[in-house]
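*Asks:* Structure in structure tokens, see below.
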Amino acid sequence: MPVYALGELVPTIDPEAFVHPDAVVIGDVTIGPDASIWPAAVLRGDYGTITVGERTSIQDGTVVHAGPGFPTVVGAGCVVGHLAHLGGCTLHDDSLVGSGSVVLHHATVESGATVGANAVVPNKMLVPAGALALGVPASIRCDASNLTLIRLSADQYVANARRYRDGLRRLPD
């Protein structure tokens, strides 16, 4: 897998994490136990810190970046869907960001909240605990998220990452 130091910035990847061989991890990135980073995901910690908590999945094609003074922090048990973009934001534990969504600088997605597919959470927006954020720019529907579904999805990705860690093999050309 392409894991790169950038000067003194060296990724820290827990041995129980799964990083797909086609994902890219650069610089000041920490990935926790049972986290999974899927194909074509890019975590680029060149200008700021990126932290991915335990049992969190960063799915295919997602881009995670940070900037000076605005790290990207993804808590434990989070699900980040395919082709999402996270930039200098905070996702609290047990939150979900749907496929194709964008969560921008200084935005916060609280525990148990969901950002719906293709939504854009603009700079400094708060998605409250248990809420659902939909649209461009996102609007909030209070108490419309499904914590049970988020936790089930996180569990499924932990199990799938173990399956990949044990059984993925590249076939000869």
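*Asks:* Taking only the range 50-105 into account, find how many residues are under 17 Å from Ile150 (Cα atoms), polar (S, T, N, Q) and either touching a helix residue (DSSP H, G or I) at 6+ places or on another chain (Cβ under 7 Å) or crowded, with 24+ Cβ neighbours inside 10 Å (or both).
*Replies:* Residues that pass the stated criteria total 4.
*Asks:* Which one of these is touching a residue at least 60 places away in the same chain (Cβ under 8 Å) and out of contact with any strand residue (DSSP E or B) (no Cβ under 8 Å at 6 or more places or on another chain): Pro33, Pro15, Pro21, Pro39?
*Replies:* Selected residue: Pro21, the only one of Pro33, Pro15, Pro21, Pro39 that is touching a residue at least 60 places away in the same chain (Cβ under 8 Å) and out of contact with any strand residue (DSSP E or B) (no Cβ under 8 Å at 6 or more places or on another chain).
*Asks:* Okay, next question. Scan (1) closer than 27 Å to Gly116 by Cβ; (2) out of contact with any Cys (no Cβ under 9 Å at 6 or more places or on another chain); (3) in a loop (DSSP other than H, G, I, E, B) for the single condition Arg55 breaks and write down its number.
*Replies:* For Arg55, the exception is condition (2).
*Asks:* Checking the conditions here, which among Asp46, Asp22 is of a type in the set (D, E, K, R) and within 23 Å of Val158 (Cα to Cα)?
*Replies:* Asp22
*Asks:* I've got another one for you. Could you pull out the residue among Val115, Val109, Val103, Val79 that is in contact with a Ser or Thr (Cβ under 6 Å, 6 or more places away or on another chain), more than 20 Å from Gly32 (Cα to Cα) and not acidic (Asp, Glu)?
*Replies:* Exactly one residue qualifies, and that residue is Val115.
*Asks:* Residue by residue through the range 16-39, note down the ones that are assigned to a loop (DSSP other than H, G, I, E, B) and either among the hydrophobic types (A, V, I, L, M, F, W, C) or closer than 21 Å to Asp93 by Cα (or both).
*Replies:* Glu16, Ala17, Ala23, Gly32, Pro33, Asp34, Ala35, Trp38
Each reported figure results from applying straightforward, stated rules to the coordinates on display, with no laboratory input. These numbers come from a predicted model, not from an experiment. Reconstructed Cβ throughout: ideal geometry from the backbone, glycine too, with neighbour counts over all protein chains shown.
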